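Quick notes on the structure that follows.
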Amino acid sequence: MFEETRITIRSASLLQIKQRFTIISSSVFIFYLVEEWEGEPCSYEGQKNKWINKAELSALRFPPANDSVIETILLQK
């Protein structure tokens, strides 16, 4: 995480693991809920990103593949 955002994670929990398999390849995506960090998040490698409060997620549009991850985040306390 530090390499891409310049934050140091102090507390995180496993949120979701997604797997995708095809005849040609397989992918595993591991998502963590980062609850405490040090530093100011920024896009170190120039990617577009935006840090928001989870309450704002339902108002934004995401690709359908992200639906289960967004739903899981919204269910967190």
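The values are calculated or read from the model by the stated rules, or taken from the named source; none is laboratory data. The structure displayed is predicted, hence computed values, not measured ones. Please note: Cβ atoms are built from the backbone with ideal geometry, for glycine as well, and neighbour counts cover all protein chains shown. These accessible areas exclude ligands, DNA and RNA; they are computed on the full protein's heavy atoms, side chains included. Shrake-Rupley method; radii C 1.70, N 1.55, O 1.52, S 1.80 Å.
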Those residues that are open to solvent by 80 Å² or more (accessible area, probe 1.4 Å) and in a helix (DSSP H, G or I), I need them from region 56-77; list them, please. Glu56, Ser58, Ala59, Pro64, Asp67, Glu71, Leu75
Residue tally, condition among the hydroxyl-bearing types (Ser, Thr, Tyr), open to solvent by 50 Å² or more (accessible area, probe 1.4 Å), without any contact (Cβ under 8 Å) to a residue 12 or more places away in the chain and in a strand (DSSP E or B), over region 1-54: 1
